[in-house]
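The values are calculated or read from the model by the stated rules, or taken from the named source; none is laboratory data. Treat the numbers as computed from the prediction; the structure is a model and nothing was measured. So basically every Cβ, Gly included, is an ideal-geometry build from the backbone, and we count neighbours across all protein chains shown. Side chains included, ligands, DNA and RNA excluded: accessible areas come from the protein's heavy atoms. Shrake-Rupley method; radii C 1.70, N 1.55, O 1.52, S 1.80 Å.
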Amino acid sequence: MTIISLTNVTKTYGGSGRSVPALRGVDLAVQSGEVFGIIGASGAGKSTLVRLINLLERPETGTLTVNGRATAGVGGRELLKLRREIGMVFQHFNLLSAKTVAENVAFPLQLAGVRSRAAIAARVDALLTRVGLSAHADKYPRQLSGGQKQRVGIARALACRPAILLCDEATSALDPETTRSVLRLLSEINQELGLTIVLITHTMDVVRQICHRVAVLDAGRIVETGPVEAVFLHPRHPATLALVREAVREEKAAGNALRTAGDVFRLTFRGAATYSPILGHIAREHGVDFAILGGQIGTIRDEPFAQLTIAFSGGDVRSALARLDAAGVDVEELTPADATLGAQADVVSRELADVA
Amino acid sequence: MSLDRIDWPQIGFAALDTLAMLGGALFFTVLFGLPLGVLLFLTGRGQLLQQGAVYAVLSFVLNILRSVPFIILLIVLMPVTTLITGTSLGVRGVIPPLVVGTTAFFARLVETALREVDHGVIDASQAMGGTIGQIVFRALLPEALPGILAGITVTAIVLVDYTAMSGAIGGGGIGDLAIRYGYQRFQTEVMIVTVVLLIILVQLLQAAGNRLVLHFSRK
C-alpha cells in the first residue's frame, strides 16, 4: 500500500522575477512499512521535499497524498491532526532546552491535547525505556551527548504514534559509531512497529545501512529510484554515481585498468555468492588468470556483498564468465569510457603526488 | 558637611516612593511590552505570522516612542497622565510616562530574546501539530525566558534612572530629594546619600536579575 505519494510536484521559491525552482516535477511513492531513503547532494531540493511531506509547506502544482489522504485544501484542525500522523526527527535534534528529557517527550502529547498526567507519564516512560534513556528522564538536553539527544528526538517523534517517521539528516551531526547505533534503533523500530520511515540524507552510507528502497534527488528531480542494492551497486545516473563514489573510492581501480593487459570486468557478488571461492575455481578450471584492480566488500542492510574490478587474461574467458553467471555473480564488462572517467581522476591524484 | 543635617526618615519615605514607582512601572511595562514584543516577533520576516505591514507600523511607532527623550515625554504626557491617574505629580503621576518610556524599549528586548530561540524549535513544534498559541506559550516563551528576564533586569535599571529624572518635574522619590535638597538647597550630603542609594539599588537589581537568568538557563 502506498502511504506517501507525490505526483508531478513542483515548488518554486522567491517571488516574481528571480524565482528559484526547488522541485521540478517530483514523482514518488513510498510503500507502507518500508524504510525509504531520499538521497541528494546539498541544494538538490531535499529540505523542500521534507517541508512538503511534513505539510509545513504546500506544493505549487501536483498532488501530495499522505497516509491515504489528499492534502490539497486541508487546513485548520485537520491539518494539525494530519501533521501529528507524521513524526519528525531533525538533524540538530531541535529539543526544547528549557525542558527535561521527559518533558520533551511529553511535549507532542500535550500539544495533541492529552490531559491525563498518568497517561502521559506512562507513555513517556515506555518511550524512554525503548530508546534506552529511562535513566536520563530528568536531565536537560545540554547534559546529553549527541546520540542521546537524537534518541530523545526519536522518542518524541514516536509519542503520538505516527504512521510515518520522517528523518531529516537525522545522523548527519553524529559520529560514525553513534550514527550506526541510531540507524540500528530506527531499523528496529521499523520492524517492531511496522512504521514507515522516510530517511533524507546526503550520504550513501546511511542509505546502505538501513533503507529498502532509495530515490536519488538531483536539481529538483528524482533521477533514479529503486531497491538500494540496485541503485548502490549499479548506479546509472551521474548524480547517483557521484554519491556512490563518495562512499567508495573506486577511481583508482578503474584508472589502473588502462595499464592492465586483459579485459576488465566488474563482478558483483551478493548474499551467499559473496562467500564462495569462485575466482579460484575459474582460475583452475578455465585457465583464466585474474588481477584484482580494486573493489569493495561490505553489507547492504545486513546482507553481505562484494564488488570487484578484475582483469581477466589467458584461458577461456568466455566460459569463465558463463560459470560466474551461473553462480549468481553479476558481470559487467567495463568499457574504455568507464575507465577513462576514473583515469582522469587518477592522473590528477598522481600529479598531486608528484608536486608533493 | 555633616550627616547630622540629613533627615533620615524623609530619605526612607523617598526610597519607598522610588521602589513603588519602580515596581508599578515595571509591572505595567512587562504587561504591555511582553505581548507587543511577541507580536513584533511573530509578524517579523520569516516568522509564523509574517505580516510586513503590521510589523512596519508597529516598528515605526515603537521607534518614535524610543526616540523621544524621557524628560520631554514626561512633559508632553502630562495631560494624558492627569486623565488616567487624576494627577501629574507624585508616584501616581509618574507611572504612566515611565511605562510609555520603557514599554517600547522592553518590547524590542523581548523581540530580540525571541529571535535568539533556535528556529528549529519552532519547526519542531509546528511539525508536531502545535497551534500558534501553543507554540508561543509552551515553546517560545519558556525557551526565551532567560533572555526575557535579562531584558526585565535592564528595563528595571533604566526605570531607576527615569524615576530619578522625574524628580525634576514633580515626581516623588529619591530623585525628587536629590533635586530639591541636594541641588536647589546646596545640601551636598543629601546628594551623596541619594546617589549612594541609587547605586545600591541598581547593583541589587542587576545581581538579582543575573541570579534569575542563571537559574532558568538550561543551555
Can you find, within region A:102-125, the residue that is farthest from the other protein chains (Cβ to nearest Cβ) among those that are under 28 Å from the mean Cα position of the chain (by Cα) and within 22 Å of residue A:178 (Cα to Cα)?
A:105
Which residue, of B:133, B:170, is more than 23 Å from the chain's Cα centre (by Cα) and of a type outside the set (D, E, K, R)?
B:133
Restricted to region A:1-23 and to residues being surrounded by 15 or more Cβ atoms within 10 Å (Cβ to Cβ) and not hydrophobic (A, V, I, L, M, F, W, C), the residue modelled with the lowest pLDDT is A:21
Of everything in region B:163-217 that's within 14 Å of another protein chain (Cβ to nearest Cβ) and open to solvent by 60 Å² or more (accessible area, probe 1.4 Å), which residue is farthest from residue A:143 (Cα to Cα)?
B:212
Enumerate the pairs (first residue in region B:14-39 and free of Cβ contacts under 8 Å to residues at least 24 places away in the same chain; second residue anywhere and open to solvent by 40 Å² or more (accessible area, probe 1.4 Å) and assigned to a helix (DSSP H, G or I)) with beta-carbon separation below 9 Å, excluding pairs fewer than 6 apart on the same chain, so at least 6 apart or on different chains.
B:39/B:54; B:39/B:55
All but one of (1) free of Cβ contacts under 8 Å to residues at least 60 places away in the same chain; (2) within 14 Å of another protein chain (Cβ to nearest Cβ); (3) open to solvent by 10 Å² or more (accessible area, probe 1.4 Å); (4) β-branched (Val, Ile, Thr) hold for residue B:64; which doesn't?
(2)
Please count how many residues of region A:45-95 are open to solvent by 20 Å² or more (accessible area, probe 1.4 Å), within 16 Å of residue A:165 (Cα to Cα) and among the β-branched types (Val, Ile, Thr).
1
Which residue out of A:68, A:45, A:37 is away from every other protein chain (no Cβ under 14 Å), of a type outside the set (S, T, N, Q) and in contact with a Gly (Cβ under 8 Å, 6 or more places away or on another chain)?
A:45
Take region B:102-145 and flag every residue that is within 14 Å of chain A (Cβ to nearest Cβ), closer than 22 Å to residue B:26 by Cα and among the small types (Gly, Ala, Ser).
B:113, B:144
Of all residues in region A:152-179 being in contact with a helix residue (DSSP H, G or I) (Cβ under 7 Å, 6 or more places away or on another chain) and open to solvent by 20 Å² or more (accessible area, probe 1.4 Å), the one that is farthest from residue B:121 (Cα to Cα):
A:178
Which numbered condition in (1) within 14 Å of chain B (Cβ to nearest Cβ); (2) part of a helix (DSSP H, G or I); (3) at pLDDT 95 or above; (4) under 18 Å from residue A:196 (Cα atoms) is the only one that residue A:82 fails?
(3)
Pair list, Cβ under 7 Å, 6 or more apart: region A:292-307 residue open to solvent by 60 Å² or more (accessible area, probe 1.4 Å), other residue aliphatic (A, V, I, L, M):
A:292/A:308; A:292/A:310; A:297/A:306; A:301/A:210
Meets criteria (surrounded by fewer than 21 Cβ atoms within 10 Å (Cβ to Cβ) and assigned to a loop (DSSP other than H, G, I, E, B)) for residue A:147
no
Every residue in region A:180-205 that is open to solvent by 10 Å² or more (accessible area, probe 1.4 Å), in a helix (DSSP H, G or I) and over 23 Å from residue A:68 (Cα atoms), please.
A:180, A:181, A:184, A:187, A:188, A:205
Inside region B:30-134, counting only helices (runs of 4 or more DSSP H) that do not spill past its ends, which hold 3 or more residues that are among the charged types (D, E, K, R)?
B:90-115
With (1) farther than 24 Å from residue B:121 by Cβ; (2) not in a helix (DSSP H, G or I) as the list, and residue A:93 as the residue in question, which single condition is left unmet?
(1)
Could you tell me whether residue A:156 is over 29 Å from the mean Cα position of the chain (by Cα), of a type outside the set (S, T, N, Q) and closer than 24 Å to residue B:137 by Cβ?
no
Could you run through region B:141-158 and say how many residues are touching a residue at least 60 places away in the same chain (Cβ under 8 Å) and closer than 30 Å to residue A:161 by Cα?
1
Counting only residues that are part of a loop (DSSP other than H, G, I, E, B) and in contact (Cβ under 8 Å) with a residue 40 or more places away in the chain, which one in region A:2-42 is nearest to the chain's Cα centre (by Cα)?
A:40
Exclusive hit being modelled with pLDDT under 90, assigned to a helix (DSSP H, G or I), over 24 Å from residue B:100 (Cα atoms) and of a type outside the set (A, V, I, L, M, F, W, C), set B:180, B:211, B:218, B:185
B:180
